[in-house]
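Participant: What follows is a single structure, and I will ask about it in a moment.
The values are calculated or read from the model by the stated rules, or taken from the named source; none is laboratory data. Treat the numbers as computed from the prediction; the structure is a model and nothing was measured. Ideal geometry is used to build each Cβ from the backbone, glycine not excepted, and the neighbour counts take in all protein chains shown.
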Amino acid sequence: MSTKGETIGYGRPPSEKQFVKGRSGNPKGRPKGSKSLATLMGKALNEPVVVNENGRRKTITKGQAIIKQLVNRGAAGDARSIQLLLGHIRAIEADLQWSLSEGSQPEVDPQLLMLERLTIAERRQLRSLVAKAQGDSTPVEAAERETAMASVPTTGSTSSDA
């Protein structure tokens, strides 16, 4: 038990309950079987799931099911799915080009990858904020001008060439 002169309270536990010097506060340590987040994610994505495809039951992994759904939504015209797919396709192409090259790393700007994932409304809002920050008096008109300029195909020739 604690002695009479010892004060016990918040932040001052009894001496018999305090940690002993030279002894670990976590004697068992980390369990050997504990998994990382990547391991748990990979294991969950490799679990089988039964799907109906063309009227037949088929067993595929959860990861394959997710990719099929993403591709099907993109084919149906879902803009967000299309942006995700295009981003992944570009990343795969960059990895392929990097592996085929002499070892020089591809120059992929992470900010450009983030911009590709923005929806149309988010892009318009970003353009208006940039125009406002640059001191443009009418950011909406500037954003519309940029949108119109982006939709005009560039042929490589100028009006002075004609």
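Participant: Check region 64-85 and report whether any residue there is modelled with pLDDT of 70 or more, more than 19 Å from the chain's Cα centre (by Cα) and among the hydroxyl-bearing types (Ser, Thr, Tyr).
Facilitator: no
Participant: Please enumerate the residues belonging to region 54-83 that are more than 29 Å from Thr119 (Cβ to Cβ) and surrounded by 10 or more Cβ atoms within 10 Å (Cβ to Cβ). Walk me through how you get there before you give the answer.
Facilitator: Kept after step one, since they are more than 29 Å from Thr119 (Cβ to Cβ), are these residues of region 54-83: 54-61.
Within region 54-83, Lys58, Ile60, Thr61 meet the criteria.
Participant: Starting from region 61-77, take each residue that is within 14 Å of Lys43 (Cα to Cα) and list its partners that are among the polar types (S, T, N, Q) and at pLDDT 90 or above, counting only C-beta distances under 9 angstrom and pairs at least six apart or across chains.
Facilitator: So the pair list comes out as Thr61/Asn46; Lys62/Asn46; Gly63/Asn46.
Participant: Can you name the residue in region 127-142 that is under 28 Å from the mean Cα position of the chain (by Cα) and either more than 21 Å from Glu116 (Cα to Cα) or surrounded by 13 or more Cβ atoms within 10 Å (Cβ to Cβ) (or both) and, of all such residues, is modelled with the lowest pLDDT? Full working, then the answer.
Facilitator: Start the filter on region 127-142 by keeping residues that are under 28 Å from the mean Cα position of the chain (by Cα), which leaves 127-131, 133.
Remaining after also requiring either more than 21 Å from Glu116 (Cα to Cα) or surrounded by 13 or more Cβ atoms within 10 Å (Cβ to Cβ) (or both): 127-128, 130-131, 133.
Values: Arg127: 76, Ser128: 74, Val130: 72, Ala131: 72, Ala133: 69.
Among residues in region 127-142 that are under 28 Å from the mean Cα position of the chain (by Cα) and either more than 21 Å from Glu116 (Cα to Cα) or surrounded by 13 or more Cβ atoms within 10 Å (Cβ to Cβ) (or both), the one modelled with the lowest pLDDT is Ala133.
Participant: Out of curiosity, is Pro48 of a type outside the set (Val, Ile, Thr), within 28 Å of Ala65 (Cβ to Cβ) and surrounded by 10 or more Cβ atoms within 10 Å (Cβ to Cβ)? Outline the logic, then answer.
Facilitator: Details: of a type outside the set (Val, Ile, Thr): yes; within 28 Å of Ala65 (Cβ to Cβ): yes; surrounded by 10 or more Cβ atoms within 10 Å (Cβ to Cβ): yes.
When the stated conditions are applied, Pro48 passes them.
Participant: Scan region 36-50 for residues that are hydroxyl-bearing (Ser, Thr, Tyr) and either within 30 Å of Leu118 (Cβ to Cβ) or outside any loop (DSSP other than H, G, I, E, B) (or both) and jot them down. Outline the logic, then answer.
Facilitator: So the first thing to find is which residues in region 36-50 are hydroxyl-bearing (Ser, Thr, Tyr), and the list is 36, 39.
Scanning region 36-50 gives a single hit, Thr39.
Participant: Determine whether Lys21 is outside any helix (DSSP H, G or I) and farther than 30 Å from Leu118 by Cβ. Write out each step before concluding.
Facilitator: On the way: outside any helix (DSSP H, G or I): yes; farther than 30 Å from Leu118 by Cβ: yes.
Answer is yes for this residue.
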